[in-house]
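See below for the structure under consideration.
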Amino acid sequence: SICPSGWALPTGRYASGDFASLSKKYGGTGSDQNGGGVGDKMSNRFRAFPNNFVLPGRDHGGIYARGDAGEYWSRTTRTYEYASILKIESSRLNPVDYSNYNYKYMGHSVRCLVYGSQ
């Protein structure tokens, strides 16, 4: 594992995954929350203490959107070439993202969580 002992790379893609559970713990739906005040609120909750998720940007052929968006790997694979991610923007939080644009070779960020903290 890339995470230290007692920590784990979160699961994703499903409403029962770690990213979705964390969303629910902080008042979210556990699925895509986009705009309309809900996405803004959940994005802020993920970026505030104690979660402290930053907006490191994206890598879709080059890093862009630093400070505006971010994508974090989960340990949930979809196929041999795709993996699920947490997608976070200033007005959006999607803890179950499994689009076909999450190639495993892309340079998304990694965030280990304390095992059992979700």
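Brief remarks on what is shown
- Flag if R13 is in contact (Cβ under 8 Å) with a residue 24 or more places away in the chain, open to solvent by less than 80 Å² (accessible area, probe 1.4 Å) and on the phi > 0 side of the Ramachandran plot: yes
- Within segment 20-35, the set of residues being within 12 Å of the chain's Cα centre (by Cα) and part of a helix (DSSP H, G or I) comprises A20, S21, L22, S23.
- Within segment 28-57, residues that are closer than 11 Å to P95 by Cα reach partners that are aliphatic (A, V, I, L, M) and assigned to a loop (DSSP other than H, G, I, E, B) with beta carbons closer than 8 Å, at six or more positions or on different chains, in the pairs G30/A15; S31/A15.
- For segment 74-91, residues that are touching a strand residue (DSSP E or B) at 6+ places or on another chain (Cβ under 6 Å) and open to solvent by less than 60 Å² (accessible area, probe 1.4 Å) total 9.
- Selection from segment 7-19 of residues that are assigned to a loop (DSSP other than H, G, I, E, B) and within 17 Å of N51 (Cα to Cα): L9, P10, T11, G12, G17
- Filtered residue count, segment 16-36, keeping only those that are within 25 Å of G107 (Cβ to Cβ) and surrounded by fewer than 18 Cβ atoms within 10 Å (Cβ to Cβ): 2
- Some residue of segment 37-44 being at pLDDT below 85 and surrounded by fewer than 16 Cβ atoms within 10 Å (Cβ to Cβ): no
- Candidate set: segment 97-114, residues that are more than 21 Å from I2 (Cα to Cα) and surrounded by 14 or more Cβ atoms within 10 Å (Cβ to Cβ); chosen: the one modelled with the highest pLDDT: D97
- Taken over segment 85-96, the criterion of being at pLDDT 90 or above and among the polar types (S, T, N, Q) is satisfied by S91, N94.
The values are calculated or read from the model by the stated rules, or taken from the named source; none is laboratory data. Bear in mind that the values here come from a model prediction, so they are computed numbers and not experimental data. Cβ: placed from backbone, ideal geometry, glycine included. Neighbour counts: every protein chain shown. Surface accessibility is based on the protein's heavy atoms, side chains included, excluding ligands, DNA and RNA. Shrake-Rupley method; radii C 1.70, N 1.55, O 1.52, S 1.80 Å.
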